[in-house]
Amino acid sequence: MDDFDRLVSALRSASSVSVLTGAGVSAESGIATFRGAGGLWEGHRIEDVATPEAFAKDPERVWRFYEMRRQNAREARPNPGHTALAELEKRFPRFLLATQNVDGLHRRAGSRNLVELHGSIERRYCVRCRRTEEDLDPLETLPPACAACGDRMRPDIVWFGEPLPVEAWADAQEAARSAEVYLVVGTSAEVYPAAGLALIAADAGAAVFEINPAETALSPLFSGAIREPSGVALPRILAALEA
Ligand code: BV8
Ligand code: ZN
């Protein structure tokens, strides 16, 4: 039995499933991943665009980076991988999708049992009065000013060195601990604590499967792998479950 069949049979008998996704699940929607050639970090040192220190030093540069990402997200559409995960959610009494992606495509694909571990590109908040705005409309001025107190707004994104949203992280950990099957989709599993979720699931005895064309930092620890693009593998898994 190959890994694909073992995964499908594990899902057939499961009632509790959880999924961790990364940039790879949005690659087929035309959104660049982080690492590798043409990756988002190419030409931008993480320290210069995705840390609170960078924002304090040069908020306009940080906003130029995120306005480019907002534009990408605005032009992107969910792909069959996003859609299959939204369908998969309906098949299990207990299901949670934890994403590292800030592009909002899982929500736009219809996923509801979803936590955004690293925030969302659609939201921004005032650094002084915490007033929040949520949209993908082009921003005239960078950094955008708060309509209430005039201070500057920042993206509602978890930057390096910042803690994850407490509730989202707690829900993701709980789901990893109680999952019978855990899917790790389109992530290089190098950023923590998010990558640690797969280790929590494996330690708790879940069948952990990776869906990624390439090996990753945690591959040796998993029960199996589907070495295909997620936009191909996930619809195939759904079809096999419906067969
Ligand atoms: C914190 C938002 C403390 C911003 C992001 C333990 C060990 C080592 C380091 C640390 C550690 N604990 C903490 C750290 C430090 C740091 C960290 O992990 N550093 C790394 C670089 C080593 N972590 C932090 O700073 C975290 N905060 O620790 O706070 C604290 C605690 C309490 C109180 C105060 C402070 C915060 C981390 C979150 C940072 N924000 N995103 C933005 O998006 O701009 S992380 C960002 O990078 C993404 O969200 C994502 O998490 C990560 C990128 O990884 P991936 O998504 O996996 O993308 P990547 O390109 O790497 O890989 C793509 C994969 O897809 C590849 O494997 C490829 O093969 C595959 N693929 C490609 N095409 C497809 C595909 N797969 C399927 N289908 C395809 N078609
Ligand atoms: Zn304000």
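The numbers here are math on the coordinates, done by the rules we state, and not lab data. Note that this is a predicted model, so its numbers are computed, not measured. Note that each Cβ is placed from the backbone with ideal geometry, even for glycine, and that neighbours are counted across all protein chains shown.
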Completion exercise
Interchain or sequence-distant (5+) residues whose placed amide H lies within less than 5 Å of the amide H of residue 114 are 97
Practice task
Quick one: which residues, 5 or more positions from residue 228 or on another chain, have an amide H under 5 Å from its amide H? H modelled 1.01 Å from N in the peptide plane, none for Pro or chain starts.
Solution key: 212
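Sort 112, 6, 154 so the one with the fewest other Cβ atoms within 10 Å of its own Cβ comes first.
Lowest count first: 112, 6, 154.
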Problem - Distance between segment 90-153 and segment 167-210 - C-alpha centres, whole angstrom - result: 22
Handout entry: Bridge type composition, the chain - antiparallel percent by DSSP, nearest 5
Key = 25
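I want the local charge near residue 176. Using Cβ-Cβ distances under 14 Å, sum +1 for each Lys or Arg and -1 for each Asp or Glu among the other residues.
Values: positive: 94, 177; negative: 171, 174, 180, 203.
It works out to a net charge of -2.
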Problem - Inter-label distance for residue 127 and residue 148, nm, one decimal - labels placed 7 Å from Cα along Cα-to-Cβ - result: 1.7
Exercise for the section: Mind running the shape call on the chain? Use the C-alpha gyration tensor, a ≥ b ≥ c as the square roots of the eigenvalues: rounded below 1.5 for a/c, prolate if a/b tops b/c, oblate otherwise. Expected result: prolate
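Treat every Asp and Glu Cβ in the chain as -1 and every Lys and Arg Cβ as +1, leave all other atoms uncharged, and give the resulting dipole magnitude about the Cα centre to the nearest 20 debye.
Values: 27 positive and 35 negative charges, 74 e Å.
Magnitude of the dipole: close to 360 debye.
Using the Kyte-Doolittle scale, which helices in the chain average at least -1.0 and also have C-alpha atoms spread 15 Å or more along the helix axis, with helices defined as whole DSSP H runs? Write down the numbers at each step before the final one.
Values: long enough: 59-75 (24 Å, -1.95); 166-178 (18 Å, -0.54); 230-242 (18 Å, 1.13).
Qualifying helices: 166-178, 230-242.
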Completion exercise
Plugging the Cβ-Cβ distance of residue 57 and residue 15 into 1/(1 + (r/R0)^6) at R0 = 45 Å yields, to the nearest 0.05, a FRET efficiency of 0.35
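Given the rule -39500 (n - 2.57) for each run of at least 4 DSSP H residues, summed and divided by the residues of the chain, what is its mean residue ellipticity at 222 nm, to the nearest 500 deg cm²/dmol? Don't skip to the end; give the middle numbers.
Numbers: 9 runs with 85 residues, N = 243.
Helices in the chain give a 222 nm mean residue ellipticity of -10000 deg cm²/dmol.
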Handout entry: Stretch gain in nm, segment residue 162-residue 199, where the contour uses 0.36 nm per residue and the Cα spacing is subtracted
Key = 11.2 nm
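Could you give the length gained on full extension between residue 242 and residue 135, defined as 0.36 nm per residue of separation minus the Cα-Cα distance, in nm? Don't skip to the end; give the middle numbers.
On the way: separation 107, 0.36 × 107 = 38.52 nm, distance 3.62 nm.
Contour length minus Cα-Cα distance gives 34.9 nm.
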Handout entry: Listed residues 85, 139, 117, most fluctuating in the chain (Gaussian network, C-alpha, under 10 Å)
Key = 139
Practice task
Within 10 Å, count the other beta carbons around each residue, average over each peptide in 20-31, 58-69, and list them highest first.
Solution key: 20-31, 58-69
